[in-house]
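The values are calculated or read from the model by the stated rules, or taken from the named source; none is laboratory data. Keep in mind it's a predicted model, so treat the numbers as computed, not measured. Ideal geometry is used to build each Cβ from the backbone, glycine not excepted, and the neighbour counts take in all protein chains shown. All accessible areas refer to the heavy atoms of the entire protein, side chains included, with ligands and DNA or RNA removed. Shrake-Rupley method; radii C 1.70, N 1.55, O 1.52, S 1.80 Å.
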Amino acid sequence: MAMAMEEPRKLRGHKSTATCCIASRDRPGLVLTSGEDGCVCWFDLRCKDVQFIIDVGTEPVSSFCFKTGNENILYASHGNDIKSFDVHTLSANSWKPLESFSYNKDEVNQVVCNGKSSFLASADDSGDVKIIDIGQKCLYKTLRAGHTSICSSVQFIPWRPWEVITGGLDSKLVLWDFSKGRSQKIIDFGSDTQSNSGQCLNPAFVHSIAIPEMDMVDKLGKICVVARGDGIVDLINIESELSRKGTSSKGSSSSNNVIKRVCLDYSVGGHNAAVSCVAFSLFKEKGRFLISGGNDKTVKIWDCFKCLDPDNNNNNRDFLHLNINLSKKVNWLCTNQSDSENLVVCDTTRVVKVYSIS
């Protein structure tokens, strides 16, 4: 349903388009944004102005993440490089990074840290994914030959500690065993009849992936959410996909009552242009909502519990909890744990917007 939203709070600090945003798990109200100006801005939502700005480099900061378990350490990608910073050692006159990794041959699109803070994964324009050993400060593995085009997104799978999942502009979703450096499963949305809803806008490029955190899995299951270029948001049960063609799947549910795939398209109030980003809610009942943003200048808040309830599958008109109309396309979004000011949206401007979702 569409609702008139209160005017969002505006966070100012970037000199050009904001590209990405993340929210602290340890300190509610702490939000970081990155931009095409090569900077990372730190905001405390209890305060009016930007707290400080890290000058990463001259190229746009395409992605960044906290070190799991230590949010004073930040990893930021710009161009082919990934730099790490310790906020305790930063000053207005010194932006010297702790470390710099230059293993990617092409521009990095996303960098993520695994749950034990032992590895980084970085996906780049060549289609490769580099797995970096943080402790040893070296390249651990290169994952290649899974994608034939740009690898746009990568996420570690928390319940499968040696596996990552990637998405690309070849319309493929690839599950990897990064300890062996090889793919285990490839889903091609370009030819996948399971997700063919008749919605035909653009190719089914994978722009973004969201994986639930371990404390969400009991309620949501072992799923992967995919933001697609044809306007569809897919909720896929990873374990069911792995076992579909006889692939070994430890710990997968044998219950027939598990939803294996949910397709959120225009027929249930979905996007009518490419979906650029998906994220799970951290506010209130953690993981209850799935938030998607798209090139149709909308943000949609989906009720995950209803989407994944087998008894509700025929009553799918109420999947959409809230629709927010924007004036610009969405680049990225994230959620904050607070009861208010809990949705942060980077659009194609330099001003970041913060909404309150109830």
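Restricting to segment 1-32, count the residues that are over 20 Å from the mean Cα position of the chain (by Cα) and either outside any loop (DSSP other than H, G, I, E, B) or surrounded by 15 or more Cβ atoms within 10 Å (Cβ to Cβ) (or both).
8
May I ask you to say which residue of 175, 143 is at pLDDT 95 or above and surrounded by fewer than 23 Cβ atoms within 10 Å (Cβ to Cβ)?
On the way: 143 fails: surrounded by fewer than 23 Cβ atoms within 10 Å (Cβ to Cβ).
Of 175, 143, the one residue that is at pLDDT 95 or above and surrounded by fewer than 23 Cβ atoms within 10 Å (Cβ to Cβ) is 175.
Restrict the check to segment 238-258 and report whether at least one residue is under 28 Å from residue 125 (Cα atoms), within 18 Å of the chain's Cα centre (by Cα) and either at pLDDT 95 or above or not aromatic (Phe, Trp, Tyr) (or both).
Within segment 238-258, one or more residues are under 28 Å from residue 125 (Cα atoms), within 18 Å of the chain's Cα centre (by Cα) and either at pLDDT 95 or above or not aromatic (Phe, Trp, Tyr) (or both).
Please return the ranges of strands (runs of 3 or more DSSP E) entirely within segment 33-76 where 1 or more residues are aromatic (Phe, Trp, Tyr), at pLDDT 95 or above and open to solvent by less than 10 Å² (accessible area, probe 1.4 Å).
Values: elements: 39-44, 52-55, 61-67.
Per the criteria, 39-44, 61-67.
Which number in (1) more than 28 Å from residue 338 (Cα to Cα); (2) open to solvent by 10 Å² or more (accessible area, probe 1.4 Å); (3) at pLDDT 95 or above; (4) among the hydrophobic types (A, V, I, L, M, F, W, C) marks the one condition that residue 206 misses?
Result: residue 206 fails condition (2) only.
Condition check: farther than 26 Å from residue 237 by Cβ, open to solvent by less than 40 Å² (accessible area, probe 1.4 Å), at pLDDT 95 or above and in contact with a strand residue (DSSP E or B) (Cβ under 6 Å, 6 or more places away or on another chain). Does residue 157 satisfy that?
Considered against the rule, which asks whether it is farther than 26 Å from residue 237 by Cβ, open to solvent by less than 40 Å² (accessible area, probe 1.4 Å), at pLDDT 95 or above and in contact with a strand residue (DSSP E or B) (Cβ under 6 Å, 6 or more places away or on another chain), residue 157 comes out as no.
What number of residues in segment 323-358 are touching a Leu at 6+ places or on another chain (Cβ under 8 Å) and part of a loop (DSSP other than H, G, I, E, B)?
The number of residues fulfilling the criteria is 8.
Could you tell me whether segment 258-269 includes any residue that is of a type outside the set (Phe, Trp, Tyr), surrounded by fewer than 19 Cβ atoms within 10 Å (Cβ to Cβ) and assigned to a strand (DSSP E or B)?
Yes.
In segment 279-302, which residues are open to solvent by less than 10 Å² (accessible area, probe 1.4 Å) and either farther than 18 Å from residue 24 by Cα or part of a strand (DSSP E or B) (or both)? Spell out how you get there, then give the answer.
Our first condition is that a residue be open to solvent by less than 10 Å² (accessible area, probe 1.4 Å); within segment 279-302, this holds for 281, 283, 287, 290-294, 299, 301-302.
Listed by number, the residues that qualify are 290, 291, 292, 293, 294, 299, 301, 302.
Looking only at segment 77-89, which residues are of a type in the set (S, T, N, Q) and open to solvent by 20 Å² or more (accessible area, probe 1.4 Å)?
First, pick out the residues of segment 77-89 that are of a type in the set (S, T, N, Q): 77, 80, 84, 89.
80, 89, listed by residue number.
Are any residues in segment 126-149 part of a loop (DSSP other than H, G, I, E, B), of a type in the set (D, E, K, R) and within 16 Å of residue 174 (Cα to Cα), and if so, which ones? Can you show your working first?
Start the filter on segment 126-149 by keeping residues that are part of a loop (DSSP other than H, G, I, E, B), which leaves 126-128, 134-137, 144-149.
Narrowing further to those that are of a type in the set (D, E, K, R): 128, 137, 144.
128, 144, listed by residue number.
Within segment 77-125, work out how many residues are aromatic (Phe, Trp, Tyr) and under 28 Å from residue 160 (Cβ atoms).
Step one: list which residues in segment 77-125 are aromatic (Phe, Trp, Tyr), which gives 85, 95, 101, 103, 119.
Those still in the list that are under 28 Å from residue 160 (Cβ atoms) too: 101, 103, 119.
Here the count works out to 3.
With the checklist (1) surrounded by 22 or more Cβ atoms within 10 Å (Cβ to Cβ); (2) at pLDDT below 95 in hand, flag the one item residue 123 doesn't pass.
(2)
Which of the residues that make up segment 143-170 are polar (S, T, N, Q) and within 29 Å of residue 221 (Cα to Cα)? Even if it seems obvious, please write down each step before you answer.
If we filter segment 143-170 for residues that are polar (S, T, N, Q), which is where we start, we get 148-149, 152-153, 155, 166.
Of everything in segment 143-170, those that are polar (S, T, N, Q) and within 29 Å of residue 221 (Cα to Cα) turn out to be 152, 153, 155, 166.
Are any residues in segment 78-100 assigned to a strand (DSSP E or B) and among the aromatic types (Phe, Trp, Tyr), and if so, which ones? Give the steps one after another, and end with the answer.
Of segment 78-100, the ones assigned to a strand (DSSP E or B) are 78, 81-86, 91, 94, 99-100.
The one that is assigned to a strand (DSSP E or B) and among the aromatic types (Phe, Trp, Tyr): 85.
Give segment 101-125 a look and list any residue that's part of a strand (DSSP E or B) and more than 19 Å from residue 37 (Cα to Cα), or say none. Even if it seems obvious, please write down each step before you answer.
In the first step, residues of segment 101-125 are kept if they are part of a strand (DSSP E or B); the result is 101, 108-113, 119-124.
Those that are part of a strand (DSSP E or B) and more than 19 Å from residue 37 (Cα to Cα): 101, 112, 113, 119, 120, 121, 122, 123, 124.
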